[in-house]
Amino acid sequence: MRRRPRAPLVAALVAALLLPLAACSDDEAPQDVVGAPAAPSDPALTREQQRAQEQRILDQRARAVRERDLGLFLRRVDRRDPELVARQTRYFRNLVQLPLQRLEWTVLDSDWDARLLPRWGRGAQVPQVRLRMQLQDFDTRPVDRTVGFVFAWRGDRARIVSDRDGTGRPLFDGAPAPWDLTAIRVRERPGVLGVFDSSTVDVAPTVMAAVSRGIGEVDATVPFTWSGQVVVYHVRDTAVLDSFTDVPGGSIDLLGAMTFPTYSQPTASPVSSTRMLVLEGSVAAGQPFLGRIVRHELTHVALGTRDDGAPVWLSEGLAEWVGARTIPLDQRIIPTSAVDRARSADAALPASRDFNGPEQEWHYALSWMACDYLASAQGEEVLWRLVDAMHDQGRGTTDDEQDAVLRRVVGTDAAELGRRAAARIRTLYG
C-alpha cells in the first residue's frame, strides 16, 4: 500500500499588530509567581494587541512541534509550576509521535467563564482557543476542538500559567483523544496507526498484526472501495477509558472493542474518521477471538455511512457475519445463553431502540444468524443489497418500514427471518 509523503504542519496565520520590543523576546526569565495574582495588564496594550501576542505564543508552539523542539514549546510556559510543565512536556512528546498533517492553535474572540478562574486574578486572560488537528492519511478533514490557556500578564509580556480552570478541570470542550489525557506510544504500519500507553505497548505487535490482517480480510469481503486505513487505540489508562460516552450497553467494561466517529466539530458535523478501541480482554483472549472482533469493528469502519439509518440488527449482524466468516465452522463460538434462548423462545429480530439493552448478547447472536442464514440461502451478495436498500440513499428505514424492504429484497418479513435465524442457531449449535 502506497503512502503519500506527509505534508508539513500548517501554522495558524494571524495579522500581527506592532507591540513593544519587550513583547517579542522569548528568552526572558519567568516573572510570574504561581498562584499569585498577576500584575494588572499594561493599559497601553489593547485587548487586540494582547490577543496578537497570545497568538504568536501559540504559533511558536506549533512551530516547536514541527521542529521537534521541546525548549521552544515550553519557552512561554511558567516553569515555576512543575505539574504544568510536566503536562505540557508529556503533550509535546505525544504530538511529535503523531503523523500530523495539520496542527494549529487559533485565539478566538470569546473567553472561558471567568468565574471558573479565580486563582489568577483580574490580570489573567483566558481566551478560548481553537485547536485544529488532522492526522495524515487517517483523517479526511481537520478535527476542531475548543481548548484554553491561562495567560498571566506582567506589564506587556504574557506567559502560560495554566491549561486548567480554577477547579482543576482541563480547559477542553469536545471529545478528547488519548494524547490529550495520558502518555502514549505510537506504532505505525501500512493502513494502521496504533496508539498505546505504557502498560499496553508490549502487546502492540499483536494488536497491529491483527488489525493489519483484518483490513485485508474485510477488504476482500466488502463489495465496495474504502480507505483501508484505521486509527486503533489500545490503552488501559482509566482517564482515557472514562472519557468515552454513549458506550453501547452503558458500560465499557462489558465490551471487547468498539468503533466511534471522530467529528470535525465538537457538535454534530461531518465525520473526519471512524476510529477503533480494542479492550484488554479481547487481546488477552487471543486468536481466533481477537481477529473476529477486529474484523467486526473494521466492518463498521469500512461501511462508514453506508448503513446509516438501517435497522441496528442488520448493521451489527452483518459485522458479526464478516467477523466470523473466515473462522472454521467448528471454532465459531456463540453464547450458550443464545442457544438456550433459541430453543425456548419465539424469536423476533431485535428492535433498534432496545438492541444494546439487557438482552444484547441474544440480539447480537440472532442478528448474526439472520445474516448467516441469508448468505447461506441466497448468496453473500444479498446482504449488501439489503444494506443498500435499508440505507435508501441516506433516508434510512425504520423498524416499522423494514418488512416492505425485506420482502422486496429477500422475499420474507422480519418475523419469518427471526424464526429462521433461531432455527439456524439450533441446527449449527444444538
Tell me whether the chain comes out rounded, prolate or oblate; compute the Cα gyration tensor, take square roots of the eigenvalues as a ≥ b ≥ c, and use a/c under 1.5 as the rounded threshold. prolate
Counted charge near Leu108, where neighbours are those whose Cβ lies closer than 15 Å (Asp, Glu -1; Lys, Arg +1): -4
What net charge is computed for the residues neighbouring Ser198, neighbours being all others with C-beta under 11 Å from the C-beta of Ser198, Lys and Arg scored +1, Asp and Glu -1? -1
With Cα coordinates, the longest principal axis of the chain makes an angle with the long axis of helix 414-429, in degrees rounded to 10, of 80 degrees
How far is it, in nm, from the label point at Arg343 to the one at Arg68 when both lie 7 Å from their Cα along the line to the Cβ? 6.2 nm
Accessible-area composition of region 157-310, carbon plus sulfur, in percent [1.4 Å probe]: 50 percent
Taking every DSSP beta bridge with both residues inside the chain, roughly what % is antiparallel (nearest 5)? 80 percent
Which percent of the accessible heavy-atom area of region 312-430 goes to carbon and sulfur, probe 1.4 angstrom? 45 percent
Using θ = phi - 60° and Karplus 6.51 cos²θ - 1.76 cosθ + 1.60, couplings along region 62-79 (whole Hz; Gly, Pro as x): 4, 5, 5, 5, 4, 8, 6, 10, 5, x, 5, 4, 8, 4, 9, 9, 5, 6
Dipole of region 376-430, Cα-centred, from +1 at each Lys and Arg C-beta and -1 at each Asp and Glu C-beta, to the nearest 20 debye? 300 debye
Everything considered on the Cα gyration tensor (a ≥ b ≥ c; rounded for a/c under 1.5, else prolate if a/b is larger than b/c, else oblate), region 371-419 must be described as oblate
What is the Cα centroid distance between region 199-257 and region 65-121, reported in whole angstrom? 28 Å
Scan around Arg185 for amide H atoms under 5 Å from its own, H built in the peptide plane at 1.01 Å from N, and keep only partners 5 or more places away or cross-chain. Phe196, Asp197
When the chain is fully extended, how far beyond the present Cα-Cα distance does Ala204 get from Arg93, taking 0.36 nm per residue of separation? 38.1 nm
Over region 240-319, give the accessible area per residue in Å² for a 1.4 Å probe, as an integer. 38 Å²
List the trypsin sites (Lys or Arg not before Pro) within region 60-149 that fall in a DSSP loop (any state other than H, G, I, E or B) and whose Cβ has at most 12 other Cβ atoms within 10 Å. Arg68, Arg122
Candidates Ala220, Ala158, Ala64: whichever shows maximal mean-square fluctuation once the chain is modelled as a Gaussian network with Cα springs under 10 Å: Ala220
Starting at the first residue of region 406-412, write each ³J(HN,Hα) from the Karplus equation 6.51 cos²θ - 1.76 cosθ + 1.60 with θ = phi - 60°, in whole Hz, x for Gly and Pro. 4, 4, 5, 8, 10, x, 8
Sparse-neighbourhood loop sites, GluC sites (Glu not before Pro) in region 312-412 - DSSP loop, at most 16 other Cβ within 10 angstrom: Glu359, Glu380
With a cut-off of at most 12 other beta carbons within 10 Å, and DSSP calling the residue loop, which trypsin sites (Lys or Arg not before Pro) in region 383-430 qualify? Please list them. Arg395
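The values are calculated or read from the model by the stated rules, or taken from the named source; none is laboratory data. What you see is a predicted model, and the numbers here were worked out from it, not measured in a lab. Note that each Cβ is placed from the backbone with ideal geometry, even for glycine, and that neighbours are counted across all protein chains shown. Areas reflect the complete protein model, heavy atoms only, side chains present, ligands, DNA and RNA absent. Shrake-Rupley method; radii C 1.70, N 1.55, O 1.52, S 1.80 Å.
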